[in-house]
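Here the structure comes first, spelled out in structure tokens, and everything after it is commentary.
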Amino acid sequence: MRVIAVANQKGGVAKTTTCQSLAAAFAQDGRRVLAVDLDPQANLAIGFGLDPDPGQPSTYEVLAGRGVGLAQAALAAATRGLERLAVVPAGPRLAQAEAELLGQVGFDEVLERRLATAAPGFDVALIDCPPSLGALTINALVAADVVVVPVQCEFFSARGVVKLLDLVDLVRERRNPGLTVRLVPTLYDQRNGICKQVLGELRREFGDDVSPVAVGVDTRVREAQARGLPVTIYAPTARASEAYRALARDLAALLEREEAAHVQQAA
Ligand SMILES: Nc1ncnc2c1ncn2[C@@H]1O[C@H](COP(=O)(O)OP(=O)(O)O)[C@@H](O)[C@H]1O
Ligand SMILES: [Mg+2]
């Protein structure tokens, strides 16, 4: 199973939307997908129209080692037309996990271990990170093959990205040398001159780490979320749906290239 984390310490940059839309795009393309919510705000399951009941185990119980595996905590999204997708919901208790994890030796490898044991039958896992650079996000970076960083096309975005990239470097040095970065421009408004300028700056500064696909502002995204559906299901021909399908293809190709490089190295 390959793991894609979606992270940025800034809120409102389309992390959850990107995680949800990519999960749907991969599932619609025939892959078996596990989407894991690591944000105590717990928006991911709701975005799929799934309303976990209070007794439902969440990512918190999985990380806390209460004998609940990821697959057991996962809700099937089949009712939403996504037979190959399962979603592990978050809950408010997940906020406690930040502090609890920090008190443990090997705190940064907990999610990786849970993914390794829980995942027969899944091809790809997508992790929705909280808007912070704490223990939960570090767990996602340690577990991931690729970290997708949604970057809103506005001033100061690049500065925030540098902080996250510093953390990525640290995680690469200590735990996960193969971690690849994909910056994804989001909420792009082509009529807005500043947006264009910021996109140009991102490409100049971060080069090949920037995804060739930018996701534009599209009202269909909000409509879809209000109906508890990923945009790729609600409005398959919308521009945002096309963008997220293209992004999923780009990531799949990136993962394949990495796989091939590993095989070559091993030979
Ligand atoms: N392509 C888009 N077009 C229009 N609105 C979007 C788009 N992507 C995200 N949004 C909206 O932007 C807001 C923030 O997105 P969200 O995914 O919740 O960000 P985050 O998880 O980073 O906090 C939400 O209201 C979402 O509906
Ligand atoms: Mg979010």
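Solvent exposure of segment 2-266, expressed per residue, is 45 Å² of accessible area, with all protein chains present and a 1.4 angstrom probe.
The stretch between VAL263 and GLN72, if pulled fully straight at 0.36 nm per residue, gains 65.5 nm over its current Cα-Cα span.
FRET efficiency for the ARG175 to ALA226 pair, using the beta carbon distance and R₀ = 45 Å, is estimated at 0.70.
Work out which chymotrypsin sites (Phe, Trp or Tyr not before Pro) in the chain are exposed loop sites (DSSP not H, G, I, E or B, at most 16 other Cβ within 10 Å) and give the longest gap free of them.
So the longest stretch without any such site is 1-154.
A straight chain from ARG113 to ASP209 at 0.36 nm per residue would run longer than the Cα-Cα distance by 31.8 nm. When a/c is below 1.5 the answer is rounded, else prolate if a/b is larger than b/c, else oblate, so apply that to segment 1-160 with a ≥ b ≥ c taken from the square roots of the Cα gyration tensor eigenvalues. Rounded is the answer for segment 1-160, as its axis ratio a/c remains below 1.5.
Compute the Cα gyration tensor for segment 114-259, then decide on rounded, prolate or oblate, letting a ≥ b ≥ c be the square roots of its eigenvalues: rounded whenever a/c is under 1.5, prolate when a/b is larger than b/c in the other cases, and oblate in all that remain. Oblate, because a/c is 1.5 or more while a/b does not exceed b/c. Is any residue of segment 166-183 close enough, with backbone N under 15 Å, to a label point placed 7 angstrom from the Cα of ALA246 along the Cα-Cβ axis, and if so, which? Flagged as within label range: none. Only helices enter the 222 nm calculation for the chain: every DSSP H run of n ≥ 4 contributes -39,500 (n - 2.57), and dividing by all residues gives -14000 deg cm²/dmol, rounded to 500. The dipole here belongs to the chain: it is taken about the Cα centre, uses +1 on the Cβ of Lys and Arg and -1 on the Cβ of Asp and Glu, and is about 420 debye.
Under the classification rounded if a/c is under 1.5, otherwise prolate if a/b is larger than b/c and oblate if not, where does segment 179-250 fall, given a ≥ b ≥ c as square roots of the Cα gyration tensor eigenvalues? Cα axes put segment 179-250 in the oblate bin. According to the Cα-based calculation, Rg over Rh for the chain is 0.94, with Rh computed by the Kirkwood formula.
The values are calculated or read from the model by the stated rules, or taken from the named source; none is laboratory data. Predicted model, so just to flag it, every value in this text is computed and none were measured. Please note: Cβ atoms are built from the backbone with ideal geometry, for glycine as well, and neighbour counts cover all protein chains shown. Calculation scope for accessible area: heavy atoms of the full protein, side chains included, ligands and nucleic acids excluded. Shrake-Rupley method; radii C 1.70, N 1.55, O 1.52, S 1.80 Å.
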